[in-house]
Amino acid sequence: MASARRCVAGCDLAPLRRRGRSRFGLMFGRRSSWFLIPARSSRFGHYFEQMATILFAVLLVAGWLVVRGSGRGTVLAAWTVSLVAILLLFNYHVGAKLPLNF
Amino acid sequence: MTGRLGFWLAHLFVLAYCGVLIGGFAVQFVTGDLPCPLCILQRMAMMLVAFGPLYIIVRTRRGDVRLADYAMGYGMSIVAAVVGAAVAVRQILLHIVPPDPGYGSPILGLHLYTWAFITFCVVVVFCGVSLIFARALVPRGVRFGWPSKVVCGLFLVIVAANMVVVFLQAGFHWFLPPDPDRYEIFHSLAFWDAGARSGGATE
């Protein structure tokens, strides 16, 4: 039987709990929902570090849409997608383990 | 007159952030300090901030810019600047305990993430003032000429360069290391060190 400290995906929650933080980071509080992004070590959490390269590609596409003079809605949509992706990546980093040598 | 001022201030805004991003590259390649994941997030936020004035500049192609477009541009910048400032504050607080030397080399006495926070604060103030005087500063009687094309092109080139550099840094690994000290792609492809293949990036 799995330890109570471990979640189904196998990530150790103890270090984050010691710092008074959920595995979903500060932004989303302690509740877990299916749409929240696991902070680290889960199967899907891995994808949010590699997202840096993909996110720059998204930003490049959004910038190209702005520069070519797309409509207001298109620009706003591209910008919003980029912003949300950045916030998701930030949430991932907020919840990541830190080498704090206190 | 003020309409032109608003137009050129938007150019100055984008150019200033292009300068900051080029400065980040200079620190990366000259001093060898590789950007950490939070530094990269701040670069992304800077690009999102610059989308606002870029949008205003590009709208001049269709003639005079509407007040709604002007407000939307700087509204986008404010929201992105708040997000960028949150990331910068996060990194400042990570290194705020006195024995911690901070991440990377200080520039003019402050670390890059502190400078980033200052730029985001300046953006919020600039956009606020621009929106207060929006009716006077909305670009009117201006033309989308070669300076505007150069600014737009430079910005896109910088975004593309960042994408390439981050790919070189992350390589084919899922994880970008929190304290990076090498370009993973070269080690993964064994250009520099065949023994590094077994190491890879870890967190």
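The values are calculated or read from the model by the stated rules, or taken from the named source; none is laboratory data. Note that the structure is a prediction, hence the values are computed from the model and not measured. Note that each Cβ is placed from the backbone with ideal geometry, even for glycine, and that neighbours are counted across all protein chains shown.
Just wondering, is there one or more residues in segment B:150-166 that are of a type in the set (S, T, N, Q), under 22 Å from the mean Cα position of the chain (by Cα) and within 22 Å of B:TYR70 (Cα to Cα)?
Checking segment B:150-166: not a single residue is of a type in the set (S, T, N, Q), under 22 Å from the mean Cα position of the chain (by Cα) and within 22 Å of B:TYR70 (Cα to Cα).
Assuming B:LEU112 fulfils every condition listed in (1) in contact (Cβ under 8 Å) with a residue 60 or more places away in the chain; (2) surrounded by fewer than 16 Cβ atoms within 10 Å (Cβ to Cβ); (3) under 14 Å from the mean Cα position of the chain (by Cα) apart from one, which condition is it?
Against the list (1) in contact (Cβ under 8 Å) with a residue 60 or more places away in the chain; (2) surrounded by fewer than 16 Cβ atoms within 10 Å (Cβ to Cβ); (3) under 14 Å from the mean Cα position of the chain (by Cα), B:LEU112 comes up short only on (2).
Suppose the filter is surrounded by fewer than 24 Cβ atoms within 10 Å (Cβ to Cβ) and at pLDDT 95 or above; does B:VAL97 pass it?
No; evaluated as a whole, the condition is false for this residue.
Could you list, in sequence order, the residues of segment B:60-93 that are more than 8 Å from chain A (Cβ to nearest Cβ) and surrounded by 23 or more Cβ atoms within 10 Å (Cβ to Cβ)?
Selection gives B:VAL65, B:TYR70, B:GLY73, B:TYR74, B:SER77, B:ALA81, B:GLY84, B:ALA88, B:GLN91.
Restricting attention to helices (runs of 4 or more DSSP H) lying wholly within segment B:31-141, give those where 1 or more residues are under 21 Å from B:VAL159 (Cβ atoms) and β-branched (Val, Ile, Thr).
Hits in segment B:31-141: B:37-59, B:67-94, B:112-132.
So which of B:ILE96, B:ILE132 is within 14 Å of another protein chain (Cβ to nearest Cβ) and out of contact with any helix residue (DSSP H, G or I) (no Cβ under 8 Å at 6 or more places or on another chain)?
Just one listed residue meets the conditions, B:ILE96.
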